[in-house]
Amino acid sequence: MPKLIVTNGDAAVERLKAAHIAGHLLPWQDMLHDGPVPAGEVLDNVSDARADFLSAALGLPLDSVRADFAHRDAQLDVHSAYGEVELWFEHDLYDQLQLIQLLHYFSHEPERMGLHLVQADHYIGVMEAGQIQDLEHHRAPVTAVQIETAREAWDAFTAPTPTTLAAFAMQQHEALPFLAPALRRLLAELPAPRSGLSLTEQRILEHLADGPRKVAHVFAAVHSMDEAQFLADLPFFLRLDGLAFAHEPLIAGLPFQTNECSALAFSPGDGSPAERTYRAYAAAEIRLTKAGVAALKGHFDHACENTVERAMGGFQVMPGAMWRYDRARGELMAPN
């Protein structure tokens with residue numbers, strides 16, 4: 001019987017094809033670390049919420065985004081038609097959230113025979129064919145402990161407060177060894193105690209401290225700072241938007257917000273309006289404002305002064321519910 005292989009995106013699919021890994025390849029493709037993710041067992045409900053968020057945040061046509069999710073989910077829903085299902089996922093936050101979503105889905109499925117996991121500590125999308133083939137040899141049946149660990153993690157991630165998530169992330173989970181570090185990286189995207197900056201926002205401002213830089217250069221520098229790199233260009237752009245278009249901007253120089261671009265799907269070199277607006281954004285030179293300098297020194301609370309509102313999983317960061325994370329101590333701080 002044929003095999004269904006689910007992995008993190010198009011780049012990984014292409015590398016699996018190049019390595020002649022046989023099966024129906026399904027890219028999962030969702031940046032679950034940004035935006036609302038509702039609790040519950042119904043995949044359609046999650047996909048609807050994700051489509052609404054991604055359409056609004058990135059300026060994409062809602063009907064098209066919903067159709068993409070529906071097509072993706074329909075392929076998973078017929079998993080019992082395959083002899084085996086393999087989940088190929090990496091060690092970073094982007095992948096680990098996708099992995100626990102899928103394992104949570106399978107925890108409610110009556111048929112899980114033939115479910116296997118391939119866990120990678122490197123990026124599948126850049127692997128050589130031989131590395132992919134070696135990785136396949138390490139595939140293993142998904143265990144009951146892995147299913148239960150993922151179910152607990154997903155429930156914590158989609159809970160209305162981050163307290164359970166923080167407690168879960170402070171423990172090591174041998175069944176899914178990359179999960180706890182990934183979730184701690186997620187918590188680091190909460191506002192810090194004094195500056196109100198997430199870890200990514202802090203790094204952006206630090207890279208501008210010596211003078212203006214192009215967006216593309218700042219992205220490359222900040223992206224490389226994560227040991228397990230997870231943040232793609234578009235969610236990075238959203239973070240720049242939050243700094244540039246706040247009531248008291250911390251950076252200046254962006255030509256427009258990400259959701260004001262033409263539809264962002266394009267083929268490199270096609271000369272389309274989408275490519276032109278993307279390149280205009282990436283080539284923009286950005287610089288610190290006085291508020292940005294003050295935030296770096298801990299003298300300006302970005303989250304408080306700019307009334308930051310941000311959805312992460314099942315909870316909201318907003319005035320009145322301003323959850324913070326002390327990165328130096330590794331401690332979640334409840335709203336005052």
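Annotations
- Strands (runs of 3 or more DSSP E) completely within region 291-336 that count 2 or more residues being open to solvent by less than 50 Å² (accessible area, probe 1.4 Å): 310-313, 315-317, 324-326
- Against the list (1) of a type outside the set (S, T, N, Q); (2) open to solvent by less than 20 Å² (accessible area, probe 1.4 Å); (3) modelled with pLDDT under 95, the condition ALA265 fails is (2).
- Selected residue (only one of HIS223, HIS173, HIS217 is touching a Leu at 6+ places or on another chain (Cβ under 7 Å), surrounded by fewer than 17 Cβ atoms within 10 Å (Cβ to Cβ) and free of Cβ contacts under 8 Å to residues at least 40 places away in the same chain): HIS223
- Checked against (1) closer than 27 Å to ILE124 by Cβ; (2) in contact with a strand residue (DSSP E or B) (Cβ under 9 Å, 6 or more places away or on another chain), GLY253 meets all criteria but (1).
- The set of residues from region 12-25 being of a type in the set (Gly, Ala, Ser), within 12 Å of TRP88 (Cβ to Cβ) and touching a helix residue (DSSP H, G or I) at 6+ places or on another chain (Cβ under 7 Å) comprises ALA12, ALA19.
- When residues in region 30-49 are screened for being open to solvent by 50 Å² or more (accessible area, probe 1.4 Å) and touching a Ser or Thr at 6+ places or on another chain (Cβ under 7 Å), 1 of them pass.
Residue-wise test of (1) surrounded by fewer than 17 Cβ atoms within 10 Å (Cβ to Cβ); (2) of a type in the set (Phe, Trp, Tyr).
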position: ILE5; (1), (2): no, no
position: HIS24; (1), (2): yes, no
position: TRP28; (1), (2): no, yes
position: ALA51; (1), (2): no, no
position: LEU60; (1), (2): no, no
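- The residue that is nearest to GLU309 (Cα to Cα), counting only those in region 23-66 that are in a loop (DSSP other than H, G, I, E, B) and of a type in the set (Asp, Glu), is ASP34.
- Residue that is nearest to ALA188 (Cα to Cα) [pool: residues in region 30-69 that are free of Cβ contacts under 8 Å to residues at least 12 places away in the same chain and touching a Pro at 6+ places or on another chain (Cβ under 8 Å)]: SER55
- Taking region 72-159 and the helices (runs of 4 or more DSSP H) fully enclosed by it, the elements with 1 or more residues that are in contact (Cβ under 8 Å) with a residue 60 or more places away in the chain and within 20 Å of GLY35 (Cα to Cα) are at 93-107, 144-157.
The values are calculated or read from the model by the stated rules, or taken from the named source; none is laboratory data. Just so it is clear, the structure is predicted and the values come from calculations on it, not from any experiment. Methodologically, a virtual Cβ is constructed for each residue, glycine included, from the backbone with ideal geometry; neighbour enumeration extends over all protein chains shown. Note: areas computed on protein heavy atoms with side chains; ligands, DNA, RNA excluded. Shrake-Rupley method; radii C 1.70, N 1.55, O 1.52, S 1.80 Å.
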